[in-house]
Amino acid sequence: MTMPQRPHGLEPLRDTIARHGLDARKALGQHFLLDPGITARIAALAGDLAGQHVVEVGPGPGGLTRALLDTKAASIIAVEVDPRAVAVITELAAHAPERLQIIEADAMRRDLTTLCPAPRQIIANLPYNVGTPLLVGWLRQASAWSRLTLMFQQEVAERICAAPGSDHYGRLGVLAQWTCRCGVMMHIPPGAFSPPPKVHSAVVGLIPHAQQPDAALFRAMEQVTAAAFGQRRKMLRGALKSIGGEALLAEAGIEGSRRAETLEIADFDRLARLHARRSAAVA
């Protein structure tokens, strides 16, 4: 397979930003990553992209987009809500019209699986203010994705990958690790961004498990984890009272005096399956 032709003759990203007046806006959670060495590393973390269709959310001025065009990805679909950035990526698409498409849309309101055929991946430097809800939405449809390579605030990345009993272990980590194999793949300091955020960032790789829960089971897991971690100081018999409490725990073989952060993913899986079965029985 020959390497796809990358765009040539592109001006430096800082010049593009200046020409379009594309200042990063706090309301949109924007922090632009301009270092081509870092963006190339992020693209490489996604593995061999040959034949893969890549969705990039929040491309901004297109630093990561340029790096993705240097890979063997079959296509790149950039989803951007900021019309100023849409204009920038539209210019970039003119250099590679057969591979790069820009969609002006809010990724929170769009089913990204409809934008391209499988096999598909998401690779993105996510806006800080919507990274977590975006991820949970994509986990609900994890079977549709071959991989997700996503940048978050470091604290969020640690929550996604946290082990039971650790300070960062919570609902997000359970949902992510229940559906995917997760790992922090790269740490990025504030100075790599323009403007520099007040926190460090990290890239997380998520590879969906071969077997995925159906929609009803995923809803049950969301309800179980919301109740369990919603009152972390409570014993599980009290925290889960609204969804069956003692009876649910007894059936799952879990001591009611334990707290949510002590449970393994397999424990939450048992609770979710029991809760889903009970909910279906009374529906």
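The values are calculated or read from the model by the stated rules, or taken from the named source; none is laboratory data. What you see is a predicted model; the values in this text were computed from it and never measured. Please note: Cβ atoms are built from the backbone with ideal geometry, for glycine as well, and neighbour counts cover all protein chains shown. Quick note on the areas: whole protein, heavy atoms, side chains included, nothing else; ligands and nucleic acids left out. Shrake-Rupley method; radii C 1.70, N 1.55, O 1.52, S 1.80 Å.
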Original post:
Among 108-120, 254-266, 237-249, how do they line up from the highest to the lowest mean number of other beta-carbon atoms within 10 Å?
Top reply: 237-249, 254-266, 108-120
**OP:** For Kirkwood radius over Cα pairs in Å, several values are listed as (i) 20.7; (ii) 19.3; (iii) 20.0; flag the one computed from this structure.
**Re:** (iii)
Original post:
When you count, for each residue, the other Cβ atoms within 10 Å and take the mean per peptide, how do 37-48, 64-75 rank with the highest first?
Top reply: 64-75, 37-48
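Mind ranking 217-229, 90-102, 197-209, 51-63 by how tightly packed they are, going by the mean number of other C-beta atoms within 10 angstrom, highest first? Don't skip to the answer; put the middle values down first.
Details: 217-229: 20.7, 90-102: 16.9, 197-209: 18.5, 51-63: 24.0.
Most protected by this proxy first, the peptides run 51-63, 217-229, 197-209, 90-102.
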Original post:
How far apart, in nm, are two points set 7 Å out from the Cα along the Cα-to-Cβ line at His200 and at Asp167?
Top reply: 1.3 nm
Subject >> Euclidean distance between Cα centres, region 156-228 to region 105-151, Å >> reply: 13 Å
Subject >> Mean accessible surface per residue for region 113-155, computed with a 1.4 Å probe while every protein chain stays in place, in Å² >> reply: 34 Å²
**OP:** Please name whichever of Phe218, Leu271, Val156 sits farthest to the positive end of the charge dipole of the chain, dipole taken about the Cα centre and charges placed at Cβ: Lys and Arg +1, Asp and Glu -1.
**Re:** Leu271
**OP:** Give the carbon-plus-sulfur fraction of the accessible surface of region 209-252 in %, rounded to a whole number; probe 1.4 Å, heavy atoms of protein chains only.
**Re:** 52 percent
**OP:** Can you tell me the FRET efficiency between Arg233 and Ile265 if r is taken as the Cβ-Cβ distance and R0 is 25 Å, rounded to the nearest 0.05?
**Re:** 0.70
**OP:** Return one whole number: the accessible area per residue of region 168-283 in Å², for a 1.4 Å probe.
**Re:** 49 Å²
Subject >> Cα-based shape type of region 27-100, given that a ≥ b ≥ c are square roots of the gyration tensor eigenvalues and the cut on a/c is 1.5 >> reply: oblate
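Restricting things to Cα coordinates, could you compute the convex hull volume per residue of region 155-198 in Å³?
On the way: hull volume 3.9 nm³, N = 44.
Expressed per residue, the convex hull around the Cα atoms of region 155-198 is 89 Å³.
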Subject >> Fluctuation leader among Ala176, Ala27, Ala144 - the chain, Gaussian network, Cα springs under 10 angstrom >> reply: Ala27
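Based on Cβ point charges of +1 for Lys and Arg and -1 for Asp and Glu, what charge dipole magnitude is obtained for the chain about its Cα centre, in debye rounded to the nearest 20? List each step's numbers first, then the result.
Values: 31 positive and 26 negative charges, 139 e Å.
For the chain, the charge dipole is close to 660 debye.
Quick one: grab the alpha carbon gyration tensor of region 68-152, order the square roots of its eigenvalues as a ≥ b ≥ c, and give me rounded if a/c is under 1.5, else prolate or oblate depending on whether a/b is larger than b/c. Spell out each step's value before the answer.
Numbers: a/c = 1.83, a/b = 1.26, b/c = 1.45.
It is oblate, given that a/c is not under 1.5 and a/b is not larger than b/c.
May I ask you to give the percent of accessible area on region 105-193 that is carbon plus sulfur, with a probe radius of 1.4 Å? It would help to have the intermediate numbers written out before the result.
Details: 1650 of 3510 Å².
Taking all protein chains in place, region 105-193 shows 47 percent carbon and sulfur surface.
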